[in-house]
4 protein chains.
Amino acid sequence: MIKAGIIGATGYAGGELVRILLGHKNVEIRWYGSKSYIDKKYADVYRNMFQLVEDACLDDNIAELSRQVDVIFTATPQGYLASVLTEEILSRVKVVDLSADYRIKDVSVYEEWYQISHRSPQFIQEAVYGLCEINRDQVKSARLVANPGCYTTCSILTAYPLVKEGLIDADSLIIDAKSGTSGAGRGAKVPNLFCEVNENIKAYGVASHRHTPEIEEQLGYAAGKEIRVSFTPHLVPMNRGILVTEYAVLKKMAQSDGSYAYPSYEQVRAVYDKYYAKEQFIRLLDREVCPETKWVEGSNFTDINFKIDERTGRIVLMGALDNLVKGAAGQAVQNMNLLFGECESEGLTFVPMYP
Amino acid sequence: MIKAGIIGATGYAGGELVRILLGHKNVEIRWYGSKSYIDKKYADVYRNMFQLVEDACLDDNIAELSRQVDVIFTATPQGYLASVLTEEILSRVKVVDLSADYRIKDVSVYEEWYQISHRSPQFIQEAVYGLCEINRDQVKSARLVANPGCYTTCSILTAYPLVKEGLIDADSLIIDAKSGTSGAGRGAKVPNLFCEVNENIKAYGVASHRHTPEIEEQLGYAAGKEIRVSFTPHLVPMNRGILVTEYAVLKKMAQSDGSYAYPSYEQVRAVYDKYYAKEQFIRLLDREVCPETKWVEGSNFTDINFKIDERTGRIVLMGALDNLVKGAAGQAVQNMNLLFGECESEGLTFVPMYP
Amino acid sequence: MIKAGIIGATGYAGGELVRILLGHKNVEIRWYGSKSYIDKKYADVYRNMFQLVEDACLDDNIAELSRQVDVIFTATPQGYLASVLTEEILSRVKVVDLSADYRIKDVSVYEEWYQISHRSPQFIQEAVYGLCEINRDQVKSARLVANPGCYTTCSILTAYPLVKEGLIDADSLIIDAKSGTSGAGRGAKVPNLFCEVNENIKAYGVASHRHTPEIEEQLGYAAGKEIRVSFTPHLVPMNRGILVTEYAVLKKMAQSDGSYAYPSYEQVRAVYDKYYAKEQFIRLLDREVCPETKWVEGSNFTDINFKIDERTGRIVLMGALDNLVKGAAGQAVQNMNLLFGECESEGLTFVPMYP
Amino acid sequence: MIKAGIIGATGYAGGELVRILLGHKNVEIRWYGSKSYIDKKYADVYRNMFQLVEDACLDDNIAELSRQVDVIFTATPQGYLASVLTEEILSRVKVVDLSADYRIKDVSVYEEWYQISHRSPQFIQEAVYGLCEINRDQVKSARLVANPGCYTTCSILTAYPLVKEGLIDADSLIIDAKSGTSGAGRGAKVPNLFCEVNENIKAYGVASHRHTPEIEEQLGYAAGKEIRVSFTPHLVPMNRGILVTEYAVLKKMAQSDGSYAYPSYEQVRAVYDKYYAKEQFIRLLDREVCPETKWVEGSNFTDINFKIDERTGRIVLMGALDNLVKGAAGQAVQNMNLLFGECESEGLTFVPMYP
């Protein structure tokens, strides 16, 4: 039995971790950490857990926690983990960090976009970026996993094969992302009130959202060079779900007759299949079917498809996932499974809920 | 392995049956019946099932189906099952009917409220009303289970202990029910369009909804007499969930000192505990906590609580469930588990999804 | 030109007052009071007002304000107006109070339900309860109008004629009310976050909501005696709208042949017509049509209908209004029109917006 | 008094025309045309109109209608108006067509994208594209106005000044558009059911939506050359509103010191001001403020802003409007005002409703 502790168990991602781990055969949650609700019954914070979780919330003493469990999940504000992580902790437990603290290898980029001084840059290099489908092997032997962001997971997975294989000009990539409101967290802020979000859609963080450098770094590895992308997030009046619509200039390929032409549907599809055909949590949809967030709701799936537009010389890529599952807690558990040699999909075989 | 067939697999209740049965250890779905989508891939009707269900839809030939499976679920329009059910079918398979055809023992009441002539009244008597918490033992040995309606399950479970023990005047019962829109089905009708339902609430079927006689019959058994209740359903702009708010005149009880007084919180609570304390799928909430539909979303739970109002001499009862799970497919699987000697909760231990 | 000042202009009711008054021919808003946003441009708080309102927010100095305007609207927390109102202010301006401070004549009832000590009970008697359709004449000559609550307006208007004419037993009245979320205000609280309200319905304040005594007092005047009602509010995932479903024991009436029987549809309708046929803002719907909140959205209408249920001896009453218009700001302007001899509907002839 | 007739009065755009025209001082609606609801009371189709509209629906006999009114609005399926319009009709009345029949000057482009054969191409040349802010003068003297599409209005207005002045490379333009569901019409189709749209977002019509050639034609006039754009519409779970997010390569401009550099915020803003500063229905938001659909809900405004992204050499443009008002019925009335010499904003000065 893997003993798990969660710091930040009362945010939405933390709550989703609890939901998922309760159904995992080999995990026992030992620590529901929540600075805001210390000593309050967890099921009084999330009443869906009534009679399912009897524990009260504990503090965020990670040193003490590291002596009691095998794995720690941190679903905490930016900078928290960086400020408390020590070699001693890492020598005792595995850590899966749902914050951004160890996602970006260049500490100056992190500090610029997050406007925080990084308190433990010495762990950045060893941290593995936990996008399982791409970094599976490195995750298995890691001590510290930087669990990717929700927008990031969706944005990268949707474009990765085409960037990796050079079918598109990576610098032409424009990512227009739409997110449900749980991505904004459970903090009590006026812009997240029901009446402000309902019947409304808006862009925010235009040309300045913090997930941008994370996408650029990871897709840059795939491209084999530094890249710059446009990324615009939008807030959508729904609880869960991220949809990305990505636009890129399609490169002409040498065809069998020696001429250059845009790749065919089959050629692009073959590239996707090369990377994802065997992936359990990535579904390449049938031709002409556009992903919808509801088809993945509550599950760990990412649904992906594309449309070639020869008129404009562009390709439109689309990806959908549940921001709290594959975009946060589900991927964290997937990483934990890899870390502990569990079946990668254990606890994650939710059938999407519809409607 | 229990072989199961579904007739009406492409309605919302049918889709939920598929979601639940896919996670059941001992069930294999052999027949996705859908008259409207014959030969179409099931996963093209419900794309959440992409790569999870490979089957195409079949017709509704129940005689043929009864030779291939152990249990048939009918999630069909009123009158369908009554028009095709035969002794031969019942001799071969168990049938769990999610329609109303065998819920009401008095066929004239059925025919009056449903405005349909009943085509096989000979099976009404043997059919067991599948409200598991109340009729568990009869279900176990049944051939034909009449799976209760969504409003009905919530309305009855919420009031049952108080009616049974005589704490309230059953004829004073007023049930104000609120339902998510999936209860209206997947038929393409203008009143169910997004723009008509969203940002709107209304009552409908006032003093004439078909679930009324079903509630009256079942609570009448508990009361030991015929009763009449007021029942008003409302359509709420959300996908899932039923909330009932019930009002009844509280009877004064003889107290230990010989006087008559309204029962205390503890006395009412004790009556609920007597019936439900050991029930896995009924959660009696803590004092002063009102049920909310989101706390049970996606799960088989019914959350219940009550508030004594001495000012008016009434008690207010509240119950919440997911109309597609405990109110339809979940309860159907619970009944199937009872019919086949499975653990009653097998396949039904979903943690409610929040948010 | 009537010069108007608003204290509490940045709550939802305050914002709606601005929307309505901007369209009023004879009103000019001189003071946008908002303690939380002093010196901030009003249009930066409500960007729908961009280029429509150029003013910045001012403080809540009511004494100063009373020297600059003809009418003051207070859309403020309970107890505020009571703590600052003086004879001097009332000698200078008319006051329309959207809070509850002067709605209840019996100060002890107010203090018990609101748990506040009333700081200026000397003005309670002269305050006129501003339910225009019922107290029109008194409003015209008032200095201080207590603008009714949103739930209250809908609950009272829906039942008033039947209580007044004795068709129902007023003590049997049960009011099950459903409200959009703007009724909860613009305060940043977790329970009002989008993700908590969306896809959810719940009751709250069961047997203890503060609008109860207000309803009892006003319907008690109609009944000619003290009455007790059950009132249960519910939170619905929509921005605007209140729907009330009311249940009451219908009295048998002496019929023309000397027998006693339940009144017919026509008899009940005639009673409603007696009070409301000439009212511009009350619409008695056609037989069998149930009110829906969306049909009144954005307008000052209250839509009302009823259904006689002889089976149970009860009548079900239904009423719908927009909580921010007829339930708050619209009624406040209607009262202002009466106070200043304007056409009662001036500025209030919005056609409901659909969808 | 302008006498108006509407063909297609029971669709959502038709209903909005009624709402707007009821508030217009100089218009009287004489004909509520609706093939589906002939002889049914209009207020029984849209109950928000109860007691406001007493008329019954009439057929779509445009020849007869043209004898009774001064202006005809057609809110009809593609191809309808083209199949019935005659010189005789146009000689009697003005026609404002909300369908696409006369929007595209090149009939072969129309026929290719709409897959309909155009039945009266002889009127295409004289038809004026009714984007008032751009074609105001031509509209004034027209007989036939092609009222722009909802996506189109928002897409064009947002980019027009920058294309016209050559600040961006028009062929690099990518338009990612998000629409509320009323844009999909009131037809009873499964994909528009509440449960299918709610809690969901998807792209549709990728690289093939019919509004694409309309955008390309109009922006092509501004660019002075043929252009190709990427346009992707998305369905958002809300009733009203369109938001467009547009991406384009920003051109470097010669600066005062002779160097070439990206234009500054002030330079771009000045270009917008040149075209829109005096427009009553276009609001250029303050720097860093992103448009939101709710801020324009129910009004005829288009809110626009932009963000320069030097990192990528792109500019992000954003525009928001209410698809039923500025995107359909509001603009149609604005055109009518121009046609009849009315004040352009008569009947259109709605303050946006919030929340």
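The values are calculated or read from the model by the stated rules, or taken from the named source; none is laboratory data. Predicted model, so just to flag it, every value in this text is computed and none were measured. We place every Cβ from the backbone using ideal geometry, glycine too, and count neighbours over all the protein chains shown. All accessible areas refer to the heavy atoms of the entire protein, side chains included, with ligands and DNA or RNA removed. Shrake-Rupley method; radii C 1.70, N 1.55, O 1.52, S 1.80 Å.
Within region A:127-179, restricting attention to residues that are open to solvent by 10 Å² or more (accessible area, probe 1.4 Å), closer than 27 Å to A:Ala203 by Cβ and of a type in the set (D, E, K, R), the residue that is nearest to the other protein chains (Cβ to nearest Cβ) is A:Asp171.
Considered as a group, the residues in region D:278-304 that are of a type in the set (Phe, Trp, Tyr) and without any contact (Cβ under 8 Å) to a residue 60 or more places away in the chain include one that is farthest from the other protein chains (Cβ to nearest Cβ), and that residue is D:Phe301. Restricting the first member to region D:339-355 and to residues that are more than 14 Å from every other protein chain (Cβ to nearest Cβ), and the second to residues that are β-branched (Val, Ile, Thr), the beta-carbon pairs closer than 6 Å and six or more apart or on different chains are D:Phe340/D:Ile2. Looking at B:Lys307, B:Lys252, just one residue is among the basic types (Lys, Arg), open to solvent by 40 Å² or more (accessible area, probe 1.4 Å), more than 10 Å from every other protein chain (Cβ to nearest Cβ) and free of Cβ contacts under 8 Å to residues at least 40 places away in the same chain, and that residue is B:Lys252.
Only strands (runs of 3 or more DSSP E) whose full extent lies in region D:1-110 are considered here, and the ones with at least 1 residues that are under 18 Å from D:Ala329 (Cα atoms) and open to solvent by 10 Å² or more (accessible area, probe 1.4 Å) are D:2-7, D:27-33, D:94-97. For region D:210-249, a residue qualifies if it is buried (at least 24 other Cβ atoms within 10 Å of the Cβ) and of a type in the set (Lys, Arg), and exactly one does: D:Arg240.
Only one entry in D:Ala188, D:Ala184, D:Ala207 is open to solvent by 20 Å² or more (accessible area, probe 1.4 Å), within 21 Å of B:Gly185 (Cβ to Cβ) and free of Cβ contacts under 8 Å to residues at least 40 places away in the same chain, namely D:Ala188.
Residues that are more than 25 Å from the chain's Cα centre (by Cα) and among the hydrophobic types (A, V, I, L, M, F, W, C) do occur in region C:40-50.
Looking at this structure, is B:Ser182 facing chain C (nearest Cβ under 9 Å) and of a type in the set (Gly, Ala, Ser)? Considered against the rule, which asks whether it is facing chain C (nearest Cβ under 9 Å) and of a type in the set (Gly, Ala, Ser), B:Ser182 comes out as no.
A quick yes/no check of all residues on (1) at positive phi; (2) at pLDDT below 95; (3) surrounded by fewer than 23 Cβ atoms within 10 Å (Cβ to Cβ):
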residue	(1), (2), (3)
A:Gly298	yes, no, no
A:Asp303	no, no, no
A:Val316	no, no, no
A:Asn323	no, no, no
A:Ala329	no, no, no
A:Gly341	yes, no, yes
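Sub-6 Å Cβ pairs linking a first residue in region D:36-48 that is closer than 10 Å to D:Ala9 by Cβ and more than 12 Å from chain C (Cβ to nearest Cβ) to a second residue that is modelled with pLDDT of 95 or more and open to solvent by 50 Å² or more (accessible area, probe 1.4 Å), at least 6 apart or interchain, are D:Tyr42/D:Asp55, ordered by first then second residue. The single condition from (1) open to solvent by 10 Å² or more (accessible area, probe 1.4 Å); (2) in contact with a Gly (Cβ under 6 Å, 6 or more places away or on another chain) that B:Cys290 fails is (2). Of the listed requirements (1) more than 7 Å from chain D (Cβ to nearest Cβ); (2) buried (at least 21 other Cβ atoms within 10 Å of the Cβ); (3) closer than 25 Å to A:Glu292 by Cβ, A:Leu193 misses just one: (3). Only one entry in C:Tyr275, C:Tyr262 is among the hydroxyl-bearing types (Ser, Thr, Tyr), touching a strand residue (DSSP E or B) at 6+ places or on another chain (Cβ under 9 Å), away from chain B (no Cβ under 14 Å) and open to solvent by 40 Å² or more (accessible area, probe 1.4 Å), namely C:Tyr275.
Quickly run through region A:332-355 and pick out the residues that are assigned to a loop (DSSP other than H, G, I, E, B) and either of a type in the set (Gly, Ala, Ser) or in contact with a Cys (Cβ under 6 Å, 6 or more places away or on another chain) (or both). Matches in region A:332-355: A:Gly341, A:Ser345, A:Gly347, A:Pro355. Listed by first and then second residue, the pairs with beta-carbon distance under 9 Å, at least 6 apart or on different chains, first residue in region D:140-164 and more than 20 Å from D:Ala184 (Cα to Cα) and free of Cβ contacts under 8 Å to residues at least 40 places away in the same chain, second open to solvent by 10 Å² or more (accessible area, probe 1.4 Å) and assigned to a strand (DSSP E or B), are D:Ser141/D:Val128.
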